[in-house]
Amino acid sequence: MNDTAPVMRELIKTCSNMYRLGWNERNGGNISLIIDQEEAARYLDTTVSLGNFNFQFDASELAGRIFAVTRTGSYFKNVETDPEHNLGIIKINPDGKSASLLWGFSGGGRPTSELSSHLCSHIVRLRQDKNHRVVTHCHAANTLAMTFIHSLDDRSFTRTLWRMITECIVVFPEGVGVLPWMLCGNDEIGQATAEKMKEYRICIWAQHGIFAAGASLDEAFGLIETVEKAAEIYIKIMNSKILQSITDSELKAVAETFGLDYRKDFLD
Ligand code: 13P
Ligand code: ZN
């Protein structure tokens, strides 16, 4: 595998775009992406292990799956100029408790500290959608700001976002899940995130950031982009006198016109 493989080029481009949008300061955020076996085999020998990483959680449902993943501590800003140092390709071992390094992390290093949230979310999303491929985490500022001033229950947070842009309900008709502040980088937040991912493709970590899942990098990126823009509008208007907004019956009309399978119980 090298950075000329189309899947890797798209991953690198996504890291740069996320950095330029201000979502991934310093080493903030991480991405993991499933690479299909045949595609990986075109670029590297998937049977040769260059190293081993153990983890605490059970990823046996992903045994044999190959992932491109950002290195812990890597700056999204620098992925483009040194992908082999800042990215790695790992394969989940049959024990489900470790992964082999197939490529990358040159000069040492290991996968993101949020590997539990990533892999546990992949497990859950693959059960929902066999085409699922991507989990992305970032620290988008407006969404994060919103978690300081808005109630954190899924229904009310979703309702506010849906009302900020007419097409929000089209982009995430299932709504968003929100977790209260939790210690990050461990299995507890990984399990809690995966629990939300049973219902949603977006899980917001209060005072921390966003996790988004999708069948492609574009889908996960687009979810963050839309949530973050809706949050930005909320932050811009929150202290203003609201003269008109989108009503529940108007949201319902959008959802029904687009034939969406939306969270009906999230509307009055
Ligand atoms: P990593 O550098 O380990 O990926 O951590 C960044 C982060 O955003 C933690 O939540
Ligand atoms: Zn983070």
Query raised in the report: What lysines sit close enough to residue 13 to cross-link, taking a C-alpha to C-alpha distance under 17 Å and skipping anything fewer than 8 places away on the same chain?
Result: 77
Report task. Run a plain Debye calculation on the range 1-152 (Cα atoms as equal point scatterers, no solvent) and give log10 I(q)/I(0) at q = 0.11, 0.14 Å⁻¹, rounded to two decimals, same order as the q list. Result -> -0.41, -0.66
Report summary line: FRET efficiency for residue 268 and residue 183 from the Cβ-Cβ distance with R0 = 35 Å, rounded to 0.05, comes out at 0.50
Query - Rounded if a/c under 1.5, otherwise prolate or oblate - the chain, Cα gyration tensor axes - result: prolate
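Please report the relative contact order for the chain, taking Cα pairs under 8 Å with a sequence separation of at least 6, and give it as a percent rounded to a whole number. Don't jump to the answer; show the numbers that get you there.
Working: 522 pairs, mean separation 50.8, N = 268.
In percent, rounded to a whole number, it is 19.
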Requested in this report: Give me the lysines in straight-line cross-link reach of residue 97: C-alpha distance below 28 Å, same-chain residues under 8 apart excluded.
Outcome: 130, 196, 198
Report task. Give the calculated FRET efficiency between residue 151 and residue 48 to the nearest 0.05, with a Förster radius of 51 Å applied to their Cβ-Cβ distance. Result -> 0.50
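How large is the dipole of the chain about the Cα centre if only Lys and Arg carry +1 and Asp and Glu carry -1, each at its Cβ, rounded to the nearest 20 debye? The partial results should precede the final answer.
Values: 27 positive and 34 negative charges, 72 e Å.
Dipole about the Cα centre, nearest 20: 340 debye.
Relative contact order for the range 26-110: what percent, with Cα pairs under 8 Å and sequence separation of 6 or more?
Working: 168 pairs, mean separation 30.5, N = 85.
For the range 26-110, the relative contact order is 36 percent.
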Report summary line: For residue 229, the aspartates and glutamates lying under 12 Å Cα to Cα, once residues fewer than eight places off in the same chain are dropped, come out as 167
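Expressed in nm to one decimal, what extension gain is obtained for the pair residue 80 and residue 98 from 0.36 nm per residue of sequence separation less their Cα-Cα distance? Before the final figure, lay out each step's value.
On the way: separation 18, 0.36 × 18 = 6.48 nm, distance 2.75 nm.
That works out to 3.7 nm of additional length.
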Query raised in the report: Per-residue ellipticity at 222 nm for the chain, helices alone: DSSP H runs ≥ 4 residues times -39500 (n - 2.57), over residue total, nearest 500 deg cm²/dmol?
Result: -12000 deg cm²/dmol
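Values in this text are rule-based calculations from the coordinates and carry no lab data. All values reported here derive from a predicted model rather than from experimental measurement. In this analysis, Cβ positions are derived from the backbone assuming ideal geometry, glycine residues included, and neighbour counts consider all displayed protein chains.
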